[in-house]
Amino acid sequence: MGKLGFEDARHLVSRTGIGSEWETIVRFQNLTRQQAISHLFNNQQMNMPALPQMSPWPKMVQLRGNMRRKKMIKRISRTEGKAIQKWWVKHLLDTKSPFLERMTLFWHNHFPSSIEKTTQASMLHKQNLMLRKNALGNFGQMLHNVARDPAMLLYLDGYVSTKEEPNENFARELLELFTIGLGQYHENDMREAARAFTGWGINEHNGLYRFNPQQHDSGVKTFLGKRGNFKGEDIINILLQHPKTAETIAKKMWREFINISNPDPRVINHWAATFRNSGYDIKTLLNQVLNSNEFWAPQNRGALIKSPIELTIGTLRTLPYTLRRVDLAHNLNIMGQGVFAHPSVKGWSGGKNWISTQSILRRNSMMTNLTAGNLNERKNRGGIASKMPDVSPEELHQWLLAIPPLQQMPTEPGKQRLTRAFVLDPAYQVT
Amino acid sequence: MTTKMDRRDFLKYAGLLSASASVPLLTPELLFAANGRRPDKIVVLVELKGGNDGFNTLVPFADELYYQYRPNIGIQQRHLLPLNDQVGMHPRMKALMPVWNSGKMAWIQGVGYPNPVLSHFRSMDIWNSASNANQVIEAGWLSRVLPNFKQGLHGVALNKGQAKLGPLYSSNMNAVTMQNPKTFLSQIKRINDVSPSRLNPAIAHVSQTQHQLFGVGTQLANKMGNRPARSGVRFSKGVLGHSLESVAEMILSGIDSPVYKVTQDGFDTHSGQRGAQDNALFQVAGGLASFQQAMQKAGLWNNVIVVTYSEFGRRVKENRGAGTDHGTASAHMVMGGRVRGGIYGRHPNLAQLDQNGNVQHTTDFRAIYGTLAQRWWNQPNPWKGAPLIPFV
């Protein structure tokens, strides 16, 4: 197979990374497709920025027991929530393995846990590390981990689910969103699943997962046509045998990597079969996605809408702009992609939903802020142009836009001016 | 560092681009969106997000089963705001008692739909689109009424963060989302108009939305840019109070939108319901009371109807966490100067629960939509199956 060349390298980088860094494109253009994909898979940096201060669970659990301390918990979690948001945003800006971060975000969106509901930054931090560690690993393992993840036990009320009163929140979302999806089960299956997860909780002293046999309903359950003395693990294993689980993930991959329209069912079946047959090996699935005709098809270039993270952090990773007096983590919140702050357990809907009249204003004002400044390159000593690679206008276009611009480009010369025109064009909103 | 970009290169390039980029057109819908006058029939939709527990909102104190099912979170009769000898309002909704007493508030009991779905997302889609439980319709229900009712702007959805169009979502409607008009106006100055592109669905959506935004922005700038109308009423500081204040100001400024949608969060009360729901209802009551006063003061109370909705109600039986799980039918409120106050619909039978422990609905939610279409906007009712409710 031939080398990628600039355009394909640029496509691969912008779809798998955060932004499209010039150096990576230049490196990839001389690799074959498979070499470049292997590079993405092998580049996994796990070291994270220094941790903010976070209150440990034993301290918080004491406050939780006290109704009058509710405000205090709110205050602590708000401060710590902001800190942990900044922590991840910093890493998203600096990481040398953007593909791994992108996939960590992907799973963070599939298995959301918000600071607002959990009020426990220290647990969200641990969940984040767990998702990153498994982001290119095995989905089955990740699902088992998530089910007993303390942040998830808080987020979907699993920790209060008992034999007498099974709480349905986790079981419902496990079926509806995390695995087989609506229409594949009856309410009764959901309730039986909820029984199987009773007794799963959090150790008061160390904040780790703890199984409490006294609170577990050990009776016989009927779940998706199977009968047995099921535990939570059994429910997850039954769900992993169900073909719809792999389809759910395959469909999300389509929306992440191909386009915003409804996926082609034949492609989804094909990907889902590969995924299941591999025992849920995420790299195997990704390899198929990134090698598919759909991924490379010309009509799918520019057919995805950039997420707020891709738009803002992506720009900062691509171009030598600096962000002035703006709290990036906060801006991601108001643009609709606050990390650890999903609008609901469904996560960010993405696609078309990234764009509303409200979000266009915010996205635009963010890009305007970034690109503001003196455009006279002689007066501002070259401005950002002096820090950019030496490229022709055509190359600049190819680099920054996946489709032709919609607006008139400036007639005055200047690389900084042209760069700004590209970044502010609606075409820059798609990738 | 040297640069390859000289002037000649650049001009060649700019010339090349001008073929693909074109000057925006002043399309008819843009023209209407930019002008237009205030409709005399406005609906304010209040989304109670998370699934509001109707039984602890309009409390059926005369129903013994209610207290049997809710030993901990049931609200005692002596704490309620009695509306008749059967039901009373949640005590934290006191701010709305003057509206009830003036006969301008209606409650509709048992609102739901057949074959209820207990998923937040799916059930909200059903409410937004007025579909059947087993049917997927993408367009919002208002798209079957409003394009025929008027041209120009069809709706404004307000929320902190990301507002959702919900019932206003449709490609044949002109609807926008915003946090508030002030922020909207301060950011709109930097937006250029673009002609919608059809290259692919992604850029089509981006460019179409930006085009729409430009039209609405022009109207807002004309009518609210320099001196926005103030309501002269104090609104609470919460998100809903803030949104409703913005709605009042837009109506007073003469914006041509027939629908405003606002949202109160916090109704998914799986645990610790009393604190959470009490507060959310307090926000709703406070915000709506201020809104009512603002409209009354401006002489516009007869021109608006406020309607609440939510994806579902909650289970009759409380759970161990002093909360309630996803349910079915719920009670909803309608108020406005032309509203015929009272209690409509039947209280669901708490003795007859389905296998999930949920009640059977007694009023189809599309009856409310149909009533608004036919009796408020004088439009054909697209939902003939559900009998109208004479609340207006």
Subset of the stretch A:181-222, residues charged (D, E, K, R) and without any contact (Cβ under 8 Å) to a residue 12 or more places away in the chain, comes to A:GLU187, A:ARG210
The residue from A:ASN380, A:ASN353, A:ASN376 that alone is open to solvent by 10 Å² or more (accessible area, probe 1.4 Å), more than 7 Å from chain B (Cβ to nearest Cβ) and not in a loop (DSSP other than H, G, I, E, B) is A:ASN353
Only one of (1) more than 14 Å from chain A (Cβ to nearest Cβ); (2) open to solvent by less than 20 Å² (accessible area, probe 1.4 Å); (3) β-branched (Val, Ile, Thr); (4) without any contact (Cβ under 8 Å) to a residue 60 or more places away in the chain does not apply to B:ILE137, and that is (2)
Checked the stretch A:389-424 for anything in contact (Cβ under 8 Å) with a residue 40 or more places away in the chain, more than 8 Å from chain B (Cβ to nearest Cβ) and either over 25 Å from A:ASN259 (Cβ atoms) or not in a helix (DSSP H, G or I) (or both); matches are A:PRO389, A:GLU395, A:LEU401, A:ALA402, A:GLN416, A:ARG417, A:THR419, A:ARG420
Among the residues of the stretch A:294-319, the number that are under 28 Å from A:GLY140 (Cβ atoms) and more than 14 Å from chain B (Cβ to nearest Cβ) is 2
ask   = Is one or more of the residues making up the stretch A:398-412 hydroxyl-bearing (Ser, Thr, Tyr) and under 16 Å from A:LEU311 (Cβ atoms)?
value = no
_Hey, B:GLY254 touching a helix residue (DSSP H, G or I) at 6+ places or on another chain (Cβ under 7 Å) and at positive phi or not_ = yes
Within the stretch B:103-126, the residues that are aromatic (Phe, Trp, Tyr) and open to solvent by less than 10 Å² (accessible area, probe 1.4 Å) are B:TRP107
Those residues of the stretch A:280-299 that are crowded, with 22+ Cβ neighbours inside 10 Å and not aliphatic (A, V, I, L, M) come to a total of 0
Counting only residues in the stretch A:182-192 that are in contact with a Lys or Arg (Cβ under 8 Å, 6 or more places away or on another chain) and more than 10 Å from chain B (Cβ to nearest Cβ), the one most open to solvent (accessible area, probe 1.4 Å) is identified as A:GLN184
Output for Cβ contacts, cut-off 6 Å, separation at least six or different chains, first residue within 7 Å of chain B (Cβ to nearest Cβ) in the stretch A:162-180, second in a helix (DSSP H, G or I) and open to solvent by 10 Å² or more (accessible area, probe 1.4 Å), reads A:THR162/A:GLN215; A:ASN167/A:VAL160
Contact list, first residue from the stretch A:14-29 and at pLDDT 95 or above, second anywhere and surrounded by fewer than 24 Cβ atoms within 10 Å (Cβ to Cβ) and not in a helix (DSSP H, G or I), beta-carbon distance below 6 Å, six or more apart or interchain, is A:SER14/A:THR431; A:TRP22/A:PRO389; A:PHE28/A:LEU4; A:GLN29/A:LEU4
Evaluate the stretch A:265-273: report whether one residue or more is open to solvent by 10 Å² or more (accessible area, probe 1.4 Å) and either within 25 Å of A:SER97 (Cβ to Cβ) or within 14 Å of another protein chain (Cβ to nearest Cβ) (or both). no
- On the given criteria, is A:ASN262 out of contact with any strand residue (DSSP E or B) (no Cβ under 6 Å at 6 or more places or on another chain), free of Cβ contacts under 8 Å to residues at least 12 places away in the same chain, open to solvent by 30 Å² or more (accessible area, probe 1.4 Å) and not in a helix (DSSP H, G or I)? yes
* Taking the stated definitions as given, is B:VAL339 touching a strand residue (DSSP E or B) at 6+ places or on another chain (Cβ under 9 Å), of a type in the set (A, V, I, L, M, F, W, C), part of a strand (DSSP E or B) and buried (at least 23 other Cβ atoms within 10 Å of the Cβ)? -> no
Among residues of the stretch B:240-293 being open to solvent by less than 10 Å² (accessible area, probe 1.4 Å) and charged (D, E, K, R), the residue farthest from the chain's Cα centre (by Cα) is B:ASP256
Scanning the stretch B:147-163 residue by residue, those hydrophobic (A, V, I, L, M, F, W, C) and either open to solvent by 20 Å² or more (accessible area, probe 1.4 Å) or within 15 Å of the chain's Cα centre (by Cα) (or both) turn out to be B:PHE149, B:VAL156, B:ALA157, B:LEU158, B:ALA163
The helices (runs of 4 or more DSSP H) lying wholly within the stretch A:65-142 that contain at least 1 residues that are open to solvent by 70 Å² or more (accessible area, probe 1.4 Å) are A:70-94, A:115-118, A:121-134
Result of the Cβ filter at 8 Å on the stretch A:223-249, keeping first residues that are farther than 19 Å from A:ASN145 by Cβ and free of Cβ contacts under 8 Å to residues at least 12 places away in the same chain and partners that are hydroxyl-bearing (Ser, Thr, Tyr) and surrounded by fewer than 21 Cβ atoms within 10 Å (Cβ to Cβ), at least 6 apart or interchain, is A:ASN229/A:SER218
Exercise. Determine whether A:GLY336 is within 24 Å of A:SER261 (Cα to Cα) and open to solvent by less than 10 Å² (accessible area, probe 1.4 Å).
Key: no
Per the filter on the stretch B:179-211, residues among the polar types (S, T, N, Q) and either open to solvent by less than 50 Å² (accessible area, probe 1.4 Å) or part of a loop (DSSP other than H, G, I, E, B) (or both) are B:GLN179, B:ASN180, B:THR183, B:GLN187, B:ASN192, B:SER195, B:SER197, B:ASN200, B:SER207, B:THR209, B:GLN210
Of those in the stretch A:198-247 that are open to solvent by 30 Å² or more (accessible area, probe 1.4 Å) and of a type in the set (Ser, Thr, Tyr), the residue nearest to A:ALA135 (Cα to Cα) is A:TYR209
The lone condition A:ILE360 fails out of (1) surrounded by 22 or more Cβ atoms within 10 Å (Cβ to Cβ); (2) outside any helix (DSSP H, G or I); (3) modelled with pLDDT under 95; (4) of a type in the set (A, V, I, L, M) is (2)
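The values are calculated or read from the model by the stated rules, or taken from the named source; none is laboratory data. Quick caveat: nothing in here was measured; it's all calculated off a predicted structure. Every residue, glycine among them, receives a Cβ derived from its backbone with ideal geometry; neighbour counts consider all protein chains shown. Remember, those area values only see protein heavy atoms, side chains included, never the ligands or the DNA or RNA. Shrake-Rupley method; radii C 1.70, N 1.55, O 1.52, S 1.80 Å.
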